[in-house]
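What follows is calculated from the coordinates using simple rules that are stated; it is not laboratory data. Everything numeric here is computed off the predicted structure, so don't read it as measured data. As a convention, Cβ positions derive from the backbone with ideal geometry for all residues, glycine included, and neighbour counts pool all protein chains shown.
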Amino acid sequence: MKDDLFFNLDHGYAEGLCRGFKSGILKASDYHNLVQCETLEDLRLHLQSTDYGNFLANEASPLTVNVIDDRLREKLVQEFQHLRNVSYQPLSTFLDYITYAYMIDNIVLLITGTLHQRAIGDLLPRCHPLGSFEQLGAITVADTPAQLYTAVLVDTPLAPYFIDCISEHDLDELNVEIIRSTLYKAYLEDFYNFCKTLGGITAEVMCEILAFEADRRAFMITINSFDTGLTQDERAKLYPTCGHLNPDGLQELRRTDSYDGVRDVAARYPQYKVLFEGSGTNTGDKTIEDKFFEYEVKLNMNAFLRQFHFGIFYAYLKLKEQENRNIIWIAECIAQKHRTRIDNYIPIF
Amino acid sequence: MTTIFRSEQMTSCQLYLQPDAAYSCIAELGELGIVQFRDLNPNVNSFQRKFVNEVRRCEEMERKLRFLESEIKKDELTLYDPDENPDAPKPREMIDLEAIIDKLDHELKEINTNADALLRNFNELTELKHNLSMTQTFFQDAQQVRIGLSENAHEQNVDIDDQYSSTMATGMKLGFVSGVISRERIIGFERMLWRVCRGNVFLKQADIPDLIEDPLTGEKVHKTVFVVFFQGEQLKNRVQKICEGFRANIYPCPENANERRELAMGVMTRLEDLNIVLRQTHDHRQRVLLETSKTIRTWIIKVRKIKAIYHTMNMFNNDIARKCFIAECWTPNSQIDTLQLALRKGSESSGSGSISSVVNRIETNQQPPTHNKLNKFTQGFQNLVDAYGVATYREINPMPFVLITFPFLFAVMFGDAGHGLIVSIFALWMVIKENTLKKKWRTQEVWTIFFGGRYIILLMGLFSIYTGLIYNDVFSKSLNLFGSSWRVKFDDKTLLKSDSVFLEPNPTIYNHTTPDQYRQMYSGNPYLLGIDPVWQLSDNKITFTNSAKMKFAIIIGIIQMCFGVILSLWNHLHFKHYHGIFAEFLPQLIFLVCIFIYLIILIFYKWSTYQGKDATDAPSLLIHLINMMLLSYPDSPPSSTKIYNGQRGVQTALLLIAVICIPWMLLAKPIYTIIKRRKRNNHLTVTNPLASNDIEMKNHNADEEIDMSEVWVEQGIHTIEYFLGCISHTASYLRLWALSLAHAQLSEVLWSMIFHIGLSMNGYIGGIASFMVFMPWSSLTIFILLLMEGLSAFLHALRLHWVEFQSKFYKGEGYPFVPFSFKLILEETPPDS
């Protein structure tokens, strides 16, 4: 109650901005028009009539999907950073927390890139600008996780998450994935606890979203680890423990070794049961990943139904990312003349 | 019939255009700006329309032009505005234009890439130069330490501490890397080096004093030269990686002093060469841009016109069978001849004059747009009216009345001749300098608001001077222009005895005064204009002015509301809603007359019959009005006893008539609708045999069936709103008095609290003090009294017009006429922005 009273004092402007940005998210009718486009030029013409305005107007023809992708990301980053700049504590910490996920992705991207002998100069532009930090470029110095920690990460907010990974010996492909998962697990749990301490509606909304995120990771780690030689215990270490699956579901997941087993575990949780039932591996069916995305969109949409909380900032970023993925998907389908699957985007409204 | 009181009569036209001639016809119409096209393909996507390719080509040209313009601006060249309005080019000229623009775009891009490459080279060399000169000092420092040691020692073994000697002892070679890094990264860089190499490196750094351009981004940044000394290959790798990660530019630096000197010399000569080449490229670029800057504005206008034309043509219906475009548009009746002429001209200029385009008037049940003929004087006032809602087609436009009443009501609230004078002078300046000011500060929103309303402000100022004279208020002081009608004729003894004395017009009447003490002090003729300045000195000034201003407010308000109701009669007559006159106009007017006009009559009666001598017996009109409603006529006190004979009868009759008006207005219109419907039903049964008609009629009836309950509800709301509104609106007009009181009091406070301080001191100090307090007084006058009070009076005047006045007759359900006009399109996005 007290928080509601004083919320607008510090965060009212940012919330208003965010809700304003949210109203620019493409509607079903926009998607309907987008999928009818014959060329990328049509796409540009149509996007002009939406909230994107003429963000592509200064690009020379012919347009490529990469350019669209860059511009979309640029716009999103600009909006987010504007929100970050006008935010007060604790909202600014909250927004920083959101960027940590991008930092993890960037670190992993760079390490995998260097494993494949790519030049750092080529890799840096591909990093997500939201997750960039000063020492990012020097990541290639590190050969072992310990070095990575002491040289690069110790000054970054990710340092506490990394402590569990130091024991790993080499930076090979599998280890990198394990590092990513461990980092992510620590990050999610930390973020979850942070939202808990914020309390109020923020905690209610964000914990729901983050719990789903944790469960999704647990499911995906299990499904992807079947033929990789990852032992059950190793796998269990990577499960984020802040989800609805904890603790029983995670124990079950640890023991399963087939897709059907995972499905059985999910069947005990009504919200996930529906998702697994709706998905399939046949062509034309929706994959479980798409189902997860749809559920995520739904959760994020729900965040906007309540007021005076920070969840909308997270939700907005995620929705906008989904929208960008949709536009890119449609653009790719148009560019590659592969129109049969053009409808496989995930509608937001 | 054209009249300033209504919007223009509009016609819906269908244009049949030959495909060849369509373009030039539309171009002609765009120059004229007299037609508003209707979109005939609202369901077609923007990228599926016929001329989407042309529009796209225009956008491509616009993009290139924008690029050229930004390049011109980057070089700070002036852009020349075209002297005359260039015509929209022909479609075939468009290709030439495209080619020219494309060529320029290409050329400039090429120059830019060349220049960029050169510049990068140049910047790198500059960095290298700095690097060399800075490291030189590091090495020289080291040299001094090393004095006495043999020549073949490695010059880079430059450390100052024991590390140096140990290195020498083991004969190991120290490697080094030198480069340039941006200054804000140096701290992180140093820390990272320390961590990764576990402190086994030595970093020397020196700031480059001036800003230098970064070779990659071309931005001017602060940079720092650094040298890292280390031992062994492995460390070298790491250091290099870190440098890469921190985006430091590494430059080779020879170990030998002589080599360094040679390299530095080489760099200097190369820099000079590059400088020459760069200057040449720059000159070339300047020439190209200068050439472009002369014509670019013309091109921009041309391209925008082409785009607008194709955009309009996208709204047309393409009749394939008859090989023509069909356009539908609205145009004012008076302009149809011009329209036809323009089409003929367009067909001729396109060369296919054999079959000219056809204009066909069509009947439509769509509501036409509202188009008022305006000039720069009336524009501002029309905007005030339109902000509430654009007039329904052919409805009475309140603008001509608002033109006078708005400044007047404003002035009643703002009444101060001094303030009014300042406002008028400011507005007059804007009006006189109109042409030069129009182009200035276009992007300043606040200024454009003031400038757009310059004529409103001018009238407001002039009217304020008038009301200020009536109130006799000039900066809260009174002017004794015509000589006060009052004289103080007391002797000094009386004046010294008491704080205040009574001035009485006719002292002999009163018992408590004696004629020798109170001589005749009133000249017998009232002051010529407004309030007598003697009131300025009196204690009961506010009581007096309040009473007067309150009555002014009521009189003005009720007259304005009556006028509004009478305007509704005009609307009823024009739209031939004769039933509206009997069902709405009459009860409304009668109600207003019976109660409120009667009140005004009483006010005038009171003013004219009661003199100073019977001031205590004067009736209190407020009590009288309340008593009239309650039908009570008490015998005491004297202020509420009857004013004239037969008052009771007259008032009861008036009240009765007024009350009757309420059910009259509530019932008359719905009953009329019912009767009309019944009549038509009877009629319908007679004409039943015509089957087709029957269906039509039934459809019609179905609509009415739904309408009936709505009619009741609507009329109920309307009735309640009007009758309650009459009372609350009358009270609402009291804001005229309230704001005027507030304004007068505020300016008086400002005078007595601030300016008075200076004026009340004696001698030289008083002069200085007056000088000192003038500044705060004048600035507060401007900011609080003129700006804030002015804004508040403006808003209240606006409210009185929108709510109290316009609600009596104005529907405001129309939509504005937006003609297809190049002028509007070009103004919309001025080339400066």
Original post:
Based on DSSP H runs of at least 4 residues, each adding -39500 (n - 2.57), what is the mean residue ellipticity at 222 nm of chain A after dividing by all its residues, to the nearest 500 deg cm²/dmol?
Top reply: -20000 deg cm²/dmol
**OP:** Pop out the ³J(HN,Hα) list for the range B:579-587 in order, Karplus 6.51 cos²θ - 1.76 cosθ + 1.60 with θ = phi - 60°, rounded to Hz; leave Gly and Pro as x.
**Re:** 5, x, 5, 7, 7, 10, 4, 4, x
Subject >> chain A: C-alpha gyration tensor shape, a/c 1.5 cut-off, then a/b vs b/c >> reply: rounded
Subject >> Under the Karplus curve 6.51 cos²θ - 1.76 cosθ + 1.60, θ = phi - 60°, whole-Hz ³J(HN,Hα) for the range B:627-632, x wherever Gly or Pro sits >> reply: 4, 4, 5, 8, 6, 10
Subject >> Shielding by partners - mean other protein chain Cβ count within 10 Å, residues of A:135-144 >> reply: 6
**OP:** Classify the protein assembly as shown as rounded, prolate or oblate from the Cα gyration tensor: take a ≥ b ≥ c as the square roots of its eigenvalues, call it rounded if a/c is under 1.5, otherwise prolate when a/b beats b/c and oblate if not.
**Re:** prolate
Original post:
Whole-Hz Karplus ³J(HN,Hα) for the range B:113-128, in order, using 6.51 cos²θ - 1.76 cosθ + 1.60 and θ = phi - 60°, x for Gly and Pro?
Top reply: 4, 4, 4, 4, 4, 4, 5, 4, 4, 4, 5, 4, 5, 4, 4, 4
Original post:
For B:Thr338 and B:Gln366 in one chain, what is 0.36 nm times their gap in residues minus the Cα-Cα distance, to one decimal in nm?
Top reply: 7.7 nm
**OP:** Please give the length that would be gained between B:Asn43 and B:Ser620 if that part of the chain were fully extended, namely 0.36 nm times their separation in residues minus their C-alpha to C-alpha distance (nm, one decimal).
**Re:** 200.9 nm
**OP:** Could you work out, residue by residue across A:27-34, how many beta carbons of other chains sit within 10 Å of that residue's beta carbon, and then give the average as an integer?
**Re:** 1
Subject >> Taking B:Arg198, A:Arg216, B:Arg191 and counting other C-beta atoms within 10 Å, the order from fewest to most >> reply: B:Arg198, B:Arg191, A:Arg216
**OP:** Just flag the trypsin sites (Lys or Arg not before Pro) in the range B:307-360 sitting in loop per DSSP whose Cβ has no more than 12 other Cβ atoms within 10 Å.
**Re:** B:Arg322, B:Lys323
Subject >> Backbone N within the range B:587-602 under 14 Å of label point (7 Å from B:Val650 Cα along the Cβ vector) >> reply: B:594-602
Original post:
Translational D (Stokes-Einstein, µm²/s) of the range A:88-190 at 37 °C and 0.692 mPa s when Rh comes from the Kirkwood sum over C-alpha pairs?
Top reply: 239
**OP:** Among B:Ile765, B:Ile555, rank each residue by its count of other Cβ atoms within 10 Å, from fewest to most, as a rough exposure measure.
**Re:** B:Ile765, B:Ile555
**OP:** Filter the GluC sites (Glu not before Pro) in the range B:56-145 down to the DSSP loop ones having no more than 12 other Cβ atoms within 10 Å, then list what survives.
**Re:** B:Glu76, B:Glu84
**OP:** Work out the FRET efficiency for A:Glu321 and A:Tyr88 from their Cβ-Cβ distance, taking R0 = 25 Å, and round it to the nearest 0.05.
**Re:** 0.55
**OP:** At most 11 other Cβ atoms within 10 Å and a DSSP loop assignment: could you name the trypsin sites (Lys or Arg not before Pro) in the range A:263-349 that fit?
**Re:** A:Lys337
Original post:
In what order do B:Lys294, B:Lys305 fall by count of nearby beta-carbon atoms within 10 Å, going from fewest to most?
Top reply: B:Lys294, B:Lys305
Subject >> For B:Thr11, residues with placed amide H under 5 Å, excluding near neighbours >> reply: B:Thr331, B:Asn333
Original post:
Label-point separation (nm) for B:Asn114 and B:Tyr610, each offset 7 Å from Cα along Cα-to-Cβ?
Top reply: 9.5
Original post:
Between the range B:1-32 and the range B:559-591, how many Å separate their Cα centres?
Top reply: 35
Subject >> Estimated [θ] at 222 nm from DSSP helical runs (n ≥ 4, -39500 (n - 2.57)) normalised by residues in chain B, nearest 500 >> reply: -19500 deg cm²/dmol
**OP:** Pull out a ≥ b ≥ c, the square roots of the eigenvalues of the alpha-carbon gyration tensor of chain B, then state rounded if a/c is under 1.5, prolate if not and a/b is larger than b/c, and oblate in the remaining case.
**Re:** oblate
Original post:
Once amide H atoms are placed 1.01 Å from N in the peptide plane, what residues at a sequence separation of 5 or more from B:Arg6, or on another chain, have their amide H within under 5 Å of its amide H?
Top reply: B:Asn397
**OP:** Please find, in a Gaussian network model of chain A (springs between Cα atoms separated by less than 10 Å), the residue of A:Gly229, A:Gly261, A:Gly131 whose mean-square fluctuation is greatest.
**Re:** A:Gly229
**OP:** Rounded to the nearest Å, what's the spacing between the alpha carbon centres of the range B:737-814 and the range A:308-344? Just the number, please.
**Re:** 57
**OP:** Round to a whole angstrom and tell me the spacing of the C-alpha centers of the range B:71-146 and the range B:311-380.
**Re:** 48
Original post:
Remind me, relative contact order of chain B in percent, using alpha carbon pairs under 8 angstrom and six or more residues apart?
Top reply: 20
**OP:** Could you work out the mean count of beta carbons from other protein chains within 10 Å of each residue's beta carbon in B:233-246?
**Re:** 4
